[in-house]
Amino acid sequence: MRAFAFFAAALIALAPRAWAQSALPDLGSASDTELSPQMERRLGESIVREMRRDPQFIDDPEVSEYLGSVGGRLAQAMGARQDFEFFGVRDPTINAFALPGGFVGVHTGLLNASESESELASVLGHELAHVTQRHIARMLGQQKQMQIPVLAALAAAVLLGRSRPDLATGATVAAQAGAASAQLAYSRDFEREADRVGLQALSGAGYDARAMASFFEKMQRSQRVSDDGTLPGYLRTHPITTERIADAQNKVAGLPYKQHPDSLEFHLVRAKLRSESGDAQDAVVYYERSVSERRYANEAAARYGLVSALLRARRAQAAEAEMAKLRATGAPGSMLDTLEARVRLALNDPAGAEKLLAQARSRQPHSRPLLYAHVSALQEGGRHEQAAAVLTEAVRYYPGDPRLRARQSRSYAALGKRLLQHQAQGEYYALQGSLPAAIEQLSLARGAGDGDFYQLSVLDARLKELRAQQSAEGKR
């Protein structure tokens, strides 16, 4: 896969960096082969940081929020005590993967292939179980003498690249760890344990527990009918056996039947991704036919897809007309608010978009996608003072959100507030793990000439902190 090739290559390129010489901390006795949770998180962050640079990475807060809502229910049912972060990958193969530290990627192919929300949840539950049961840590922890960049490259090459053996092999050789790659495949015991824990979470979260076996059967059928010898990514990374299907069926046989209606967001996210892929006009034709011929599982989602496709095709007037029909379905949800705001912006009506989003945020004040859209509408309308005020409050609630810092920097630049502009940009780089760039930006803020004594004192303290952090990482 193109995305996987990038992931492995980018991570291997980490080795020459300043912290590439850092050795892993003492992992304990020979019997203690697990990485610490803190080390796991560092590995996951290093992988995801590089993945974000690839165009296949879906940097969409609504997609991430939806996946997080499904994953959050499953994690709660598991009693998980760690944070998880979910993101999409624009890839047609049916696959999902878990990274060290609780990062979970979902291919668009999996979303498209899932015939129900419970099927999607069954795969996410399986991936979460690999994390909660420390399977990734236990595999990587065996490689005690490896440096962090090499471990990160191995994680990318094997945990992600197993769906393309040629890429996985090349990446491992380049990482000078070819012999270790064989030890990093999920064992049969790990797969069975992930099935069991994922199935329990599926049922405990209120989803249809039978969806796991039905998804397995679907994958097995696809293996049988494959003419070109290729297999869906999920089959390569998690081989489906008759035994696994039988185990899943046996475990749910005694459970009462529980129908789980698909959420509106399940349909809307799928429609959004479908409308944003391929040729824009092809997407318009697809959804026009779906609506006119009533070939859809959910009318609101089909109309959502049509509006989104029309916006891509730069047909704002037609999108406005279809948006009215979408609203007439009575479907609720913030995704409709952000879509209508996009229509208003396409019609050169940022004030209308801002008003709509302000009202939506009053109803759902904790929605991050609405927050981002609201700020963007304010900035598009040139209302940077208001945008800066909204962002100042938002940063207090979400200090670790790099999106907010980047938007802060844009508004401060428009307002001519150079110290605050560079300060916000510096914090953005710090959150992205780029300490040299962060220090450079904060140094520019220090010399901007428009700060008061308090602001300069804050900058001095922060610069001292970042330089100490950079020095400590260079010595490891």
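What distance in nm separates the simple spin-label points at Glu193 and Lys355, each placed 7 Å from Cα in the Cβ direction?
5.9 nm
Which distance in nm do the two modelled labels at His366 and Ala437 give, with both placed 7 Å along the Cα-to-Cβ direction?
Using points 7 Å along Cα→Cβ, the separation is 3.2 nm.
Cβ under 12 Å from Arg410's Cβ, Arg410 left aside: what net charge do those residues give with Lys, Arg +1 and Asp, Glu -1?
Every neighbour counted, the sum reads +3.
Please tell me the relative contact order of the stretch 304-358 in percent, rounded to the nearest whole number, where contacts are Cα pairs under 8 Å and at least six residues apart.
33 percent
Within the stretch 46-133, what percent of beta bridges assigned by DSSP are antiparallel, to the nearest 5?
Antiparallel: roughly 55 percent of the beta bridges in the stretch 46-133.
Net charge within 12 Å of Val269 by Cβ-Cβ distance, Lys/Arg positive one each and Asp/Glu negative one each, not counting Val269 itself?
Combined, the nearby Lys, Arg, Asp and Glu give -4.
So what's the net charge close to His130: Lys and Arg +1, Asp and Glu -1, counting the other residues with Cβ under 11 Å from its Cβ?
Around His130, the surrounding residues sum to -2.
Beyond a 27 Å Cα-Cα separation, which of these cross-linked pairs lie in this structure: Lys325/Lys355; Lys218/Lys325; Lys218/Lys251?
Result: Lys218/Lys325 exceed 27 Å.
What is the gain in length, in nm to one decimal, between Glu299 and Ser263 on full extension, counting 0.36 nm per residue of separation less the C-alpha to C-alpha distance?
11.7 nm
Which order do the peptides 121-132, 443-454, 279-290 take when ranked by the mean count of other beta-carbon atoms within 10 Å per residue, highest first?
121-132, 279-290, 443-454
Rule-based calculations on the coordinates, nothing more; no lab input. All values reported here derive from a predicted model rather than from experimental measurement. When we count neighbours, we look across all protein chains shown, and the Cβ atoms used for this are built from the backbone with ideal geometry, even at glycine.
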